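**Student:** To start, I am sharing the structure in question, which I have written as structure tokens.
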Amino acid sequence: MLTNTTTRTENILQLEAIDNVTKFLFNVNPWDVFKSVYGTNHTQGYGEEKVKLIQRGVSALWPQLDKGHRQRLLDAANHRYRDEKLDPPVNLGQGVTG
């Protein structure tokens, strides 16, 4: 639901970010996700640990990321899917009608 502090446009952008991250984690090779989020200068064991976390999905990965790594994930996902926009429902934030 829209609040006094968020606009319809902000809500759509937030939904697009969620959609982009979800697609990114589902469609991109986990090692490529790892490189996008953590960089390339890590031990094999560290990489394997993080790839297992990535493979478990956004609900497992997101809470483990600090602010900087969350931003890197968002940036990579938004860049990959920058041309894909959601078609907002007509009643976004207005509740269910009917």
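Derivation of every value follows stated rules applied to the coordinates shown; laboratory data play no part. The structure presented is a predicted model; accordingly, all values stated were derived computationally and were not measured.
**Student:** If the cut-off is a Cα-Cα distance under 24 Å, which lysines reach Lys67, setting aside same-chain residues fewer than 8 apart in sequence?
**Tutor:** Cross-link targets: Lys23, Lys35, Lys50, Lys52.
**Student:** Right, something else. Rg over Rh of segment 8-80, using C-alpha atoms and the Kirkwood radius, what does it come to? Before the final figure, lay out the partial values.
**Tutor:** Working: Rg = 12.3 Å, Rh = 12.5 Å.
Rounded to two decimals, Rg/Rh equals 0.98.
**Student:** Return the sequence-ordered ³J(HN,Hα) values of segment 19-27 in whole Hz as given by the Karplus equation 6.51 cos²θ - 1.76 cosθ + 1.60 applied to θ = phi - 60°, using x for Gly and Pro.
**Tutor:** After applying 6.51 cos²θ - 1.76 cosθ + 1.60, I find 4, 5, 5, 4, 5, 4, 5, 7, 9 Hz.
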